[in-house]
Amino acid sequence: MATIKLKINKKTYSLEADPNMPLLWALRDLAGLTGTKYGCGIAQCGACTVHLNGAAVRSCSLPVSAVGDSEVTTIEGLSKNGDHPVQKAWEEVDVMQCGYCQAGQIMTAAALLNQNPNPSDADIYNAMNGNICRCGTYLRIREAIKLAAGMK
Ligand code: FES
Ligand code: FES
């Protein structure tokens, strides 16, 4: 066990954790931020996606000790009132089914638009390819990302 300081959603947390603990565990079990979901645990589904300095990472496969001073952003911290362009577009297109994969989908989409405000269809496909949705919302996800890109 060690005391690990993490910057999450612009707040500093001091967490008692095994340095090898995956960031996802620290977020959900120690910081109480349960918006980020556990899917596969082996970096294959994207459900656990959060941002590290604005880029999408899989928190199930990143040890807390590797986060260092990087800013972690979870779905809870993406915007104050759920009004990030991606969230607004998601609502407008009515993307969600069961919702389980959606925090990860939204975080991946938001990271894509951070890096590329006007993604082509191929850019969207490539960025979102590793986020699995068992409800099959892929077409609506693509439509919402295009809508969000237009809002920025
Ligand atoms: S839970 Fe992390 S990629 Fe599936
Ligand atoms: S909305 Fe159900 S898994 Fe994606």
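The values are calculated or read from the model by the stated rules, or taken from the named source; none is laboratory data. Nothing here was measured: the structure is a model prediction, and the numbers come from that model. Cβ sites come from the backbone with ideal geometry, for glycine too, and all protein chains shown count toward neighbours. Surface areas here come from the heavy atoms of the whole protein model, side chains and all, with no ligands, DNA or RNA. Shrake-Rupley method; radii C 1.70, N 1.55, O 1.52, S 1.80 Å.
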Out of segment 24-55, which residues are open to solvent by less than 40 Å² (accessible area, probe 1.4 Å), hydrophobic (A, V, I, L, M, F, W, C) and over 19 Å from Q102 (Cβ atoms)?
A26, A31, L52, A55
Examine segment 76-92 for a residue that is basic (K, R) and open to solvent by 70 Å² or more (accessible area, probe 1.4 Å), and state whether such a residue exists.
yes
Do you know which residues across segment 57-69 are open to solvent by 50 Å² or more (accessible area, probe 1.4 Å), closer than 25 Å to N129 by Cα and not in a helix (DSSP H, G or I)?
R58
Between a first residue in segment 122-133 that is without any contact (Cβ under 8 Å) to a residue 40 or more places away in the chain and a second residue that is of a type in the set (D, E, K, R), which pairs have beta carbons less than 9 Å apart while being 6 or more apart in sequence or on different chains?
I124/R142; I124/K146; Y125/R142; M128/R142
Name the single residue that is farthest from V57 (Cα to Cα) among those in segment 110-134 being within 16 Å of ligand 1 (Cβ to nearest atom) and open to solvent by less than 50 Å² (accessible area, probe 1.4 Å).
C133
Answer yes or no as to whether G46 is on the phi > 0 side of the Ramachandran plot and either within 16 Å of ligand 2 (Cβ to nearest atom) or assigned to a loop (DSSP other than H, G, I, E, B) (or both).
yes
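Based on what the data block shows, is C40 touching a Gly at 6+ places or on another chain (Cβ under 8 Å), of a type outside the set (V, I, T) and either outside any loop (DSSP other than H, G, I, E, B) or within 16 Å of ligand 1 (Cβ to nearest atom) (or both)?
Answer is no for this residue.
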Show the residue pairs that are 6+ apart or on different chains and have beta-carbon atoms under 6 Å apart, the first residue being within segment 72-99 and touching a residue at least 40 places away in the same chain (Cβ under 8 Å), the second being among the charged types (D, E, K, R).
P85/K152; V93/R140; V93/E143; V95/R140
